[in-house]
Every structure is written in structure tokens, then in C-alpha cells.
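A quick write-up on the structure given underneath.
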Amino acid sequence: MRKRPIIIDTDPGIDDALAIAIALFSEELDVRLITTVAGNVSLENVTLNTLRLLHFFGKDVPVAKGAAKPLIVDFVDASNVHGKTGMEGYDFPEPKEELLLSEHAVNAMRRVIMESPEPVTLVPIATLTNIALLFAMYPEVKKNIREIVMMGGSAGRGNKGVMSEFNIATDPEAAQMVFQSGLPIVMAGLDVGLKALVYPEDSEEIKTMGKVGDMAYHLFKRYRGGSFQTGLKMYDSCAVAYLLCPELFEVAETYVGVELHGSMTAGCTVVDLKGYLHKEPNTKVCIDIDGEKFREWFKDSIRKCV
Ligand code: BDR
Ligand code: CA
């Protein structure tokens, strides 16, 4: 089978670590590049975390460091959720520094996209600063992008603000640039992320699934995205799940814009499911997920991480 080329843009982050693992060990995906962006924790830390993960997984994928802060707004991290270093709870090996490119993430993405014989899929599972910069600096890349499958946004309420999701609210202007890019976009936001849960009994089972399972188990013990009893939210794995198992999702094609000026709602995605704005659809929004099937898919995917 021909593997689908993807670039992951990420800020590990506990849920990022699991999404990256699943993508790297998948037989259907070819992870050509991983780019990092300040988000859950600082750019330095998310980059070190990515290099640690790759060492741990034994995968030699090039990594490029991207934006250290959002385009306009101040940077506020999520270390309250992911721990100070972003991936606390497990004793990872040293970062594999030789995988770090000297190129900036935006230049590396441009090169990988332009050199690819087949269109590349972008999988941002973090704030969209790098992707917005890519389109602003090198709009020619759009010709060779198949689609953007992102974790971010919400058709309902938020997890960063009342109505705003973390990845979008961290850099709303960048997100708006991406939604206006004219490229096919799939948005796997909180509507599905909040239902993509693993429970304590899953975690016990995952612990027995080799070294990646053992890592997941220990990270889960420190992940404060939700208590173990009510389930841990595997937000970022939803974007990878959409690539590998789209039948888990219910999708609505609609217009999505980002609120930039609301005094209480800045950074929220306005998902116009009823067509009030009379705008052409620009996004396939995942509005629901089969939580039980996701759970099974997630555990099967971790089992394959060997
Ligand atoms: C998103 O925010 C980050 O904290 C997670 O890694 C995920 O990408 C969820 O809102
Ligand atoms: Ca993330």
C-alpha cells in the first residue's frame, strides 16, 4: 500500500505524544517531517520533547523548530495541564539532537511539500502559527497540499475561554489565516475531542502493550486534561483517527471563521452550521464521534506501536 505523506505540526504535550506515536507506527502514513510550535509549553521544551519521543520510538523523522510566539497576541502556555516540561511522568531518553534541522519549520515545510511527488497532508495538532506563516511566505505550497486535518476549534463551548479552544485561542489571527486559505480543511475540535476518552481500565490495559503502552500509562497518570474517572481526553489523536478511520466521525461541511475582536469570545471558532452568514463552506467539521469505537481504535493503535 502507498503511504500517505503527512507533516505533523505539534507542541508535545501528552496527547500530542500519543497522536505522534500512532502516526509514526501506522502502516498507512508516511510522516515526512515534524514541526514544532510554542503551545502547551515553550518552543524549546516542545522541540526537546519531540526529539525525546523520536529517540524513544526509534524513528528517524526530521524535526524543524517553528514559531516561538503567536503572531499578535501574547503567548500563554498550558503547563497547568501538561506539566512544566510538557511531558512529565515518564523518564524519556535524551533528545535525539541530530534529527533537528537547521532550517526553520516554515522553510522545511516548504521544501518537503514542494519536493513531494504526491500532495502532502498537513496535520496541525497545535496552534496554527507555523501554518499561517507558511501560507503568507510561500503561497505556492498550496498547489501541493492535499488537505489540512487539524485538531482545534469547537462548534460549542471552549476549554481555554468560555467559547474558545486552546489551539485556536493561542493564536486566533493565525487560525483565521488558515481557515481563509482556500484549502480543504477538516476540523477535529472539542466536539469530538471531549468524547475521545480513555478510562482507568483502558490505561491498565494499555500499560501491558509494550514500551509505548507503558509510556502512555505513566503520562496518563500526570495528564490533567480530565480525571481518570471521567476519562482522559485524547484530543490530538482525533486528527490522526480521522486520517486512519474517518468512519468514526460524523461530519458537517460548513463555514468556519475565527472571532478576533469579541471582548469575551476572541479566539472562538464560529461554526455556521445553519448558514446564517451566507458564506461558502470552507471546512468539514467533525461534529460527533463514536466514543466506544474510538476507544477500541485507540487501544488497537497503541498495540501496533512496536
Ligand atoms: C489542544 O490543546 C492542547 O493543550 C492539546 O495538546 C490539544 O492539541 C486541545 O484543546
Ligand atoms: Ca497539541
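Work out, step by step, the length gained on full extension between Phe228 and Glu253: first 0.36 nm times the residue separation, then minus their alpha carbon distance; give nm to one decimal.
That pair, Phe228 and Glu253, stretches by 5.7 nm at full extension.
Within 10 Å of each residue's Cβ, count the other Cβ atoms and sort Cys245, Cys238, Cys268 from fewest upward.
The order, fewest Cβ neighbours first, is Cys245, Cys268, Cys238.
Assuming 0.36 nm per residue, please report the length gained on full extension of the stretch Asp60 to Glu115 beyond their Cα-Cα distance.
In short, 17.9 nm is gained.
Restricting things to alpha carbons, tell me how big region 4-303 is in terms of Rg and Dmax, in Å.
When restricted to the Cα atoms of region 4-303, Rg and Dmax are 17.5, 52 Å.
If all Cα-Cα distances of region 176-306 are sorted into 10 Å bins from 0 onward, what percent lands in each bin, rounded to whole numbers?
The distribution over region 176-306 is 12, 36, 29, 18, 5, 0, given as percents.
Using only the Cα atoms of region 110-164, what do you get for the radius of gyration and for Dmax, in Å?
13.7, 43
Quote the FRET efficiency, to the nearest 0.05, computed for Ala68 versus Lys221 with a Förster distance R0 of 30 Å and r equal to the Cβ-Cβ distance.
0.50
At 7 Å along Cα-to-Cβ for each site, give me the label-to-label distance between Glu280 and Gln180 in nm.
Distance between the two pseudo-spin positions: 1.5 nm.
Compute the Rg/Rh shape ratio of region 79-146: radius of gyration over Kirkwood radius, all on alpha-carbon atoms.
1.07
How would you order 161-167, 174-180 from highest to lowest mean count of nearby Cβ atoms within 10 Å?
Ranking the peptides 161-167, 174-180 by packing returns 174-180, 161-167.
How much length is gained if the chain between Glu88 and Glu204 is pulled fully straight, taking 0.36 nm per residue apart and subtracting their Cα-Cα distance, in nm to one decimal?
Here the answer is 39.9 nm.
Evaluate the Debye formula for region 44-88 with equal point scatterers sitting on the alpha carbons, no solvent, and hand back log10 of I(q)/I(0) at q = 0.16, 0.19, 0.20, 0.34 Å⁻¹, in q order, two decimals.
-0.54, -0.71, -0.77, -1.18
At a Förster radius of 22 Å, what calculated FRET efficiency corresponds to the Cβ-Cβ distance of Met137 and Leu260, to the nearest 0.05?
Calculated value: 0.55.
Given H placed 1.01 Å from N in the peptide plane, which residues other than close sequence neighbours of Arg4 have an amide H under 5 Å from its amide H?
Distant-sequence amide H within range of Arg4: Leu29, Asp30.
Counting only complete DSSP H runs, which helices of the chain cover 20 Å or more along their long axis at the Cα atoms and score a mean Kyte-Doolittle of 0.0 or above?
43-57
Per-residue counts of other Cβ atoms within 10 Å, averaged by peptide: what ranking do you get for 211-219, 292-300, highest first?
Ranking, from highest mean packing down: 211-219, 292-300.
When we measure straight from the Cα of Lys284, which aspartates and glutamates land under 14 angstrom away, once same-chain ones fewer than 8 places off are left out?
Qualifying aspartates and glutamates at Cα under 14 Å: Glu147, Asp191, Glu247, Glu250, Glu253, Asp272.
Give, as ranges by residue number, the residues of region 12-50 whose backbone N falls under 15 Å from the point 7 Å along Cα→Cβ of Arg146.
Output list for this probe position: 23-24, 26-33.
Can you give the net charge of the other residues whose Cβ lies under 10 Å from the Cβ of Asp236, counting K and R as +1 and D and E as -1?
My count for the surroundings of Asp236 gives -2.
Please give every one of the lysines within straight-line cross-link reach of Lys69, meaning a C-alpha to C-alpha distance under 22 Å, and leave out same-chain neighbours fewer than 8 residues apart.
List returned: Lys84, Lys160.
If we sort 148-155, 123-130 on the protection proxy, mean other Cβ atoms within 10 Å, highest first, what's the order?
Ranked by mean Cβ neighbours within 10 Å, highest first: 123-130, 148-155.
If you restrict to DSSP beta bridges whose two residues both lie in the chain, what percentage is antiparallel, to the nearest 5?
35 percent
Please pull out the direction-averaged projected area of region 1-63, using the convex hull of its alpha-carbon atoms, in nm² to one decimal place.
With the hull built on Cα positions only, its mean projection is 3.7 nm².
Bear in mind these aren't lab numbers, they're just calculated from the coordinates by the rules spelled out. Quick caveat: nothing in here was measured; it's all calculated off a predicted structure. Neighbour counts are summed over all protein chains in view; Cβ atoms, including those assigned to glycine, are modelled from backbone coordinates with ideal geometry.
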